[in-house]
Amino acid sequence: EPDRHLGPACLVVGNFFADEVWAKVGERTCFKCHNANGDASDSDFLLRDTASRRTEYDETLRHNRLAFARMASATSHDQSLLLLKICGQLEHGGGEVLEADSTGYRILDRFVRRIRGEADDAPPVSDYEAPPFFDGLTMMSPRRLLRRVSLSLVGRLPSESEQAAVESDGLQAMDAILEEMLQEDGFYERLREAFNDIFLTEGYDDSGESALSYTHFHKTRLWFQQRDPNRERSKEDRLNYSHPDMIAYTRLVREYREAMRREPLELVAHIVRSDRPFTEIVTADYIMVSPYTSRGYGIYEELKDKFTDSEDHFEFIPARLKALTDDRSNQVVQESETGYYPHAGLLSTFQYLKRYPTTETNRNRLRARMYFEHFLGVDILQLAPRVNDAAAISATYEIPTMQAADCVVCHKTLDPIAGLFQDYYVVDGKGIFGPRKDGWYEDMFAPGLDGEGLPDDQRWRSLQWLGRRTAADPRFAVAMVNHVWYTLTGRRPLLPPEDIDDPMFAARRRAYRAERDEFQQVADRFAESNFNLKVAFKELV
């Protein structure tokens, strides 16, 4: 009966485990490695993420409590394995995680004593059950809410009819009002502005057309030079910049560059305006082009009949690119089973890749970090422990990122995503597409996601493979709700508190969980609506 001790003992450690052991040690420290995809995935001590749906929280916490109880009750030389491992003894792969005089260690020591039924002279954890988080708050009046929402979303004050509707029907009127607001041009202007604040795609270095490489778009990227009034003039006969023809030419160049930078944001606006699933920001097999940018890609002639105004630089339509060719030899240089560029929403746009470039030492890790932050709402740097002696780790291990526990905790998650971007590895600043000449690095974890490796037959469209799995990941919906929250309020979602000695730790963690629960409920309804982003806006309002 190896688990006999787990019955009554687990009843004793209810609040103590949740509020002390899990909140202050397990969730922050142990879970980083001891999960199904972590560095300790082959361990018997596997934990589950309690940051999932609230309905699953109690069951997940119960699983983790049993895992801790088993480890606490197991012994070596009459000492608990839990305490020995956490101090870096008994070949703990994570080394020393907690010092013996730390608050975290003392919490685990109390937990072990309780499991063993020993006396615990520490003050008892309160059994006080807090009331619902929002009890006692006075909510904003419908009239004030309407004013705030209209200014935030469409940049205007509420109309008389909108005010009359909320005066008459209160919050019941908001759905219909929002439905109208979310059709206005002002909303899409705000949407583009907000998602640029998130993705920062307009801010890549160099001129707008620099997103198009000389190798693949040498003949077309500078199409505007054909319209230069000074092109056929001698030096003595050239027009100055105040001449009307030169003013018009300068405006054309500026508008082309603006349109090129704006393409990823137009994809966001197109998906929302068309009520398409917002998962298309990582799965769309098209990009948005204008009459000017399509000239840069060299596809204007095949699209020109689809434009209403061929001189409107901000009229965007969906389009697909052919597999990339070398402009000088006219030979296809990009593997593609379909003959088309393997579009994967924002992930494969030249602007996104240009905004987050790579280097020989970074190896696409910046792109991987931003992928997690933008599309799954995960801050990879939160996984990283504070390494005290990086030089010692480098001296001890041949490949620290694959061998040292302090490094592996991040790189086992980060590097497989970096490998999925391997076809976009131009590091000289002169383009975007181009696999590494010597093949991908062997001293990195193989390309994949959450323990699933990239199949060989998907290698040519690795970002499409990533996009489909991202869209199916429950974290995607929550991340998009976070973005909507930021658009509405200008505030980022709360982060879990770090300082376990902070007297306000419990209150801050409760606030974090309350907000996350709200966002999860909104994310569920967002997903049920086939990922219609307007639903996320309405639900948060």
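At a glance:
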{"read-out": "P(r) histogram, all alpha-carbon pairs of the chain included - 20 Å bins from 0, percent", "value": "18, 44, 30, 8, 1"}
{"read-out": "Kirkwood Rh and Cα Rg combined as Rg/Rh, region 280-433", "value": "1.09"}
{"read-out": "Bins of 10 Å from zero: percent of alpha-carbon pairs in region 382-541", "value": "9, 24, 28, 28, 11, 1"}
{"read-out": "Spin-label pair Ala74/Gln172, simplified geometry with 7 Å Cα→Cβ offset, distance in nm", "value": "6.1 nm"}
{"read-out": "If the convex hull is drawn through the Cα atoms of region 320-398, its volume per residue in Å³", "value": "170 Å³"}
{"read-out": "CD proxy at 222 nm, helix term only [per DSSP H run n ≥ 4: -39500 (n - 2.57); per residue of the chain; nearest 500]", "value": "-13500 deg cm²/dmol"}
{"read-out": "Region 205-348: radius of gyration over Cα atoms, expressed as a fraction of 2.2 N^0.38 Å", "value": "1.16"}
{"read-out": "Two-decimal ratio, region 62-120, of alpha-carbon radius of gyration to 2.2 N^0.38 Å", "value": "1.06"}
{"read-out": "Debye, to nearest 20: dipole size of region 430-525, +1 on Lys, Arg Cβ, -1 on Asp, Glu Cβ", "value": "500 debye"}
{"read-out": "Sequence-separation-based contact order of the chain, relative, with Cα cut under 8 Å and 6+ spacing, percent", "value": "13 percent"}
{"read-out": "Distance (nanometres) between label positions extended 7 Å along Cα→Cβ at Arg251 and Gln331", "value": "4.5 nm"}
{"read-out": "Most to least packed among 333-343, 19-29, 270-280 [average Cβ atoms within 10 Å]", "value": "19-29, 270-280, 333-343"}
{"read-out": "The chain - charge dipole about Cα centre, Lys and Arg +1 at Cβ, Asp and Glu -1, debye rounded to 20", "value": "800 debye"}
{"read-out": "Pairwise label distance in nanometres, Asp438 with Arg143, each label 7 Å out on the Cα-Cβ vector", "value": "7.1 nm"}
{"read-out": "Residue (of Tyr512, Gln163, Pro400) at the positive-pole extreme of the chain, dipole from beta-carbon charges", "value": "Gln163"}
{"read-out": "Globularity index of region 414-494, i.e. its alpha-carbon radius of gyration over 2.2 N^0.38 Å", "value": "1.36"}
{"read-out": "Loop sites in region 183-222: trypsin sites (Lys or Arg not before Pro), DSSP, at most 15 other Cβ within 10 Å", "value": "Lys219"}
{"read-out": "Region 169-274: GluC sites (Glu not before Pro) in DSSP loop, at most 14 other beta carbons within 10 Å", "value": "Glu232"}
{"read-out": "Region 461-541: relative contact order as a whole-number percent, Cα under 8 Å and 6+ apart", "value": "30 percent"}
{"read-out": "Cα long-axis angle, helix 462-471 against the chain (0 to 90 degrees, to the nearest 10)", "value": "60 degrees"}
{"read-out": "Pairwise Cα inverse-distance average, inverted: Kirkwood Rh of region 285-341 (Å)", "value": "12.1 Å"}
{"read-out": "Interatomic Cα distance distribution for region 104-253, bins of 5 angstrom, percent", "value": "1, 6, 9, 8, 7, 7, 7, 6, 7, 8, 9, 8, 5, 3, 2, 2, 2, 1, 1, 0"}
{"read-out": "Dipole magnitude of region 349-414 about its Cα centre (Cβ charges: Lys, Arg +1; Asp, Glu -1), debye to nearest 20", "value": "340 debye"}
{"read-out": "Area accessible to solvent at Asp237, 1.4 Å probe radius, in Å²", "value": "80 Å²"}
{"read-out": "Residue-span extension gain [Phe45 to Ser102] - 0.36 nm each, minus C-alpha spacing", "value": "18.3 nm"}
{"read-out": "Cα-only radius of gyration and Dmax that characterise region 185-268, units Å", "value": "16.2, 50"}
{"read-out": "Amide N of region 512-535 lying under 17 Å from the label point, which is placed 7 angstrom from the Cα of Leu494 along Cα→Cβ", "value": "512-522"}
{"read-out": "Sites Arg233 and Glu301, calculated FRET efficiency, Cβ-Cβ separation with R0 30 Å, nearest 0.05", "value": "0.60"}
{"read-out": "Accessible surface, per residue, of region 149-220 when the full set of protein chains is kept, probe 1.4 Å, Å²", "value": "48 Å²"}
{"read-out": "Helix 474-489 vs. the chain, principal-axis angle (Cα, 0 to 90°, nearest 10)", "value": "70 degrees"}
{"read-out": "Inverse of mean 1/r across different Cα pairs in region 483-541, Kirkwood, Å", "value": "12.6 Å"}
{"read-out": "With Cα atoms, 0 to 90° folded angle of helix 505-528 axis to the chain main axis", "value": "50 degrees"}
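The values are calculated or read from the model by the stated rules, or taken from the named source; none is laboratory data. The structure presented is a predicted model; accordingly, all values stated were derived computationally and were not measured. Don't worry about glycine lacking a Cβ; one is built from the backbone with ideal geometry, like all the others, and counts go over all protein chains shown. Protein only, heavy atoms only, side chains kept; ligands, DNA and RNA dropped before computing areas. Shrake-Rupley method; radii C 1.70, N 1.55, O 1.52, S 1.80 Å.
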